[in-house]
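Heads up: the structure comes next, in structure tokens.
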Amino acid sequence: MLQVAGQKSALIIVDVQNDFISGSLAVPDGRGRDVVQACNRLRHCAPFGTIVVTKDWHPREHISFVDNATDSEAKSTSAIIPIDSPDHKPKDSTSNSSSATGCHPVHCVVNTWGAELHKDLETCSHDFQVLKGTDPQRDSYSAFIDNERHTPTALDSELRQRGVTDVYVCGLVYEICVGWTARDAARLGYRTHIVDDATCCVTAPGMLSMKKELIERGVYSLKTDQVKACIERGVKDVVNMNCGQCSAGCQGKHGFCFSTPDMKRKTGKP
């Protein structure tokens with residue numbers, strides 16, 4: 001039964017690349033390295049029918065690079081918006097305005113070390129690879145479509161061709177590419193889950209803002225050791241556990257988790 005259910009489930013590993021771990025746009029405090037091993041554990045915890053690996057894959061002339069800004073002021077180092085800055089606010093994917101220009105250091109350039117997957121990330125020749133951010137004039141946080149909703153990737157059509165109904169999203173980072181990918185997956189009708197212990201955030205406020213939005217869109221939140229049961233049993237044993245008092249270290253109290261007896265006691269839910 002689990003094997004059959006697993007065929008309809010896809011794991012999406014988002015942007016576990018060198019530049020986001022120890023390169024030009026690294027997650028603070030080296031937390032990206034922990035995500036590598038977490039993704040490896042998640043990969044083996046259940047028989048996923050499809051495993052997707054995404055990569056930022058930018059041309060050197062990409063619009064998001066501060067080096068390519070046309071305005072002289074924008075080219076100054078003070079114009080760079082670090083990924084852990086409160087001012088780093090990616091444009092909403094429903095907007096029709098043009099992508100933000102010149103707000104990041106050069107990162108994940110095609111065929112460079114920074115764009116490579118981390119050497120310790122386990123991959124397989126059967127993984128389906130998605131390259132995003134390939135258009136020099138558009139950024140793309142989601143694995144499904146660019147930020148302006150102009151050009152979809154092949155991911156949605158591939159998942160539908162394979163009969164996938166459920167997706168599990170992990171990788172880097174929660175409030176940007178992981179969250180945007182989960183948001184689009186839910187929008188496209190997939191039963192969508194973020195595996196909280198196989199991703200990390202850049203800032204706690206950014207994560208909480210994204211998590212709130214994902215909850216409102218019906219995205220589930222769970223841990224690696226709950227994934228196998230989730231695939232086998234489906235959402236009938238999942239309960240809304242939005243505590244309303246979440247902090248960055250809430251350990252699963254915010255969002256959706258399994259209605260195990262232990263979790264029921266913690267929340268007081270029947």
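Annotations for the structure displayed:
- Considered as a group, the residues in segment 131-167 that are small (Gly, Ala, Ser) and closer than 14 Å to Ser64 by Cβ include one that is surrounded by the most Cβ atoms within 10 Å (Cβ to Cβ), and that residue is Ser140.
- The listed residues are Gly234, Gly218, and the only one of them that is at pLDDT 50 or above, part of a helix (DSSP H, G or I) and on the phi > 0 side of the Ramachandran plot turns out to be Gly234.
- Of all residues making up segment 108-130, the number that are of a type in the set (A, V, I, L, M, F, W, C), open to solvent by 20 Å² or more (accessible area, probe 1.4 Å) and either farther than 16 Å from Val173 by Cα or at pLDDT below 95 (or both): 4
Conditions (1) in contact with a Leu (Cβ under 8 Å, 6 or more places away or on another chain); (2) farther than 25 Å from His44 by Cα, marked per residue:
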position	(1), (2)
Glu158	no, no
Val167	yes, no
Trp180	no, no
Val195	yes, no
Gly206	no, yes
Glu216	no, yes
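- Any hit, segment 34-57, residues being at pLDDT below 90 and not small (Gly, Ala, Ser): no
One line per residue, one yes/no per condition, for (1) open to solvent by less than 30 Å² (accessible area, probe 1.4 Å); (2) at pLDDT below 50:
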site	(1), (2)
Thr199	yes, no
Ala204	no, no
Leu214	yes, no
Leu222	yes, no
Ala248	no, yes
Gln251	no, yes
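- The residues on offer are Gly189, Gly171, Gly163, Gly179, and the sole one that is small (Gly, Ala, Ser) and closer than 14 Å to Leu11 by Cβ is Gly171.
- Residue pairs whose Cβ atoms lie under 8 Å apart, sitting 6 or more positions apart in sequence or on different chains, and linking a residue in segment 29-48 that is closer than 23 Å to Val164 by Cβ to a partner that is among the charged types (D, E, K, R) and surrounded by 15 or more Cβ atoms within 10 Å (Cβ to Cβ), are Ala38/Asp197; Cys39/Glu122; Asn40/Glu122; Arg43/Glu122; Cys45/Lys228; Ala46/Lys228.
- So Asp262, is it surrounded by fewer than 22 Cβ atoms within 10 Å (Cβ to Cβ), at pLDDT 95 or above and not in a loop (DSSP other than H, G, I, E, B): no
- Any chance Cys170 is crowded, with 21+ Cβ neighbours inside 10 Å and either part of a strand (DSSP E or B) or in contact (Cβ under 8 Å) with a residue 60 or more places away in the chain (or both): yes
- The set of residues in segment 173-197 being open to solvent by 40 Å² or more (accessible area, probe 1.4 Å), touching a helix residue (DSSP H, G or I) at 6+ places or on another chain (Cβ under 6 Å) and not in a strand (DSSP E or B) consists of Leu188 alone.
- Among (1) in contact with a His (Cβ under 6 Å, 6 or more places away or on another chain); (2) at pLDDT 60 or above, the one test that Ile81 misses: (2)
The values are calculated or read from the model by the stated rules, or taken from the named source; none is laboratory data. Values in this document were obtained by computation on a predicted structure and should not be read as measured data. When we count neighbours, we look across all protein chains shown, and the Cβ atoms used for this are built from the backbone with ideal geometry, even at glycine. Areas reflect the complete protein model, heavy atoms only, side chains present, ligands, DNA and RNA absent. Shrake-Rupley method; radii C 1.70, N 1.55, O 1.52, S 1.80 Å.
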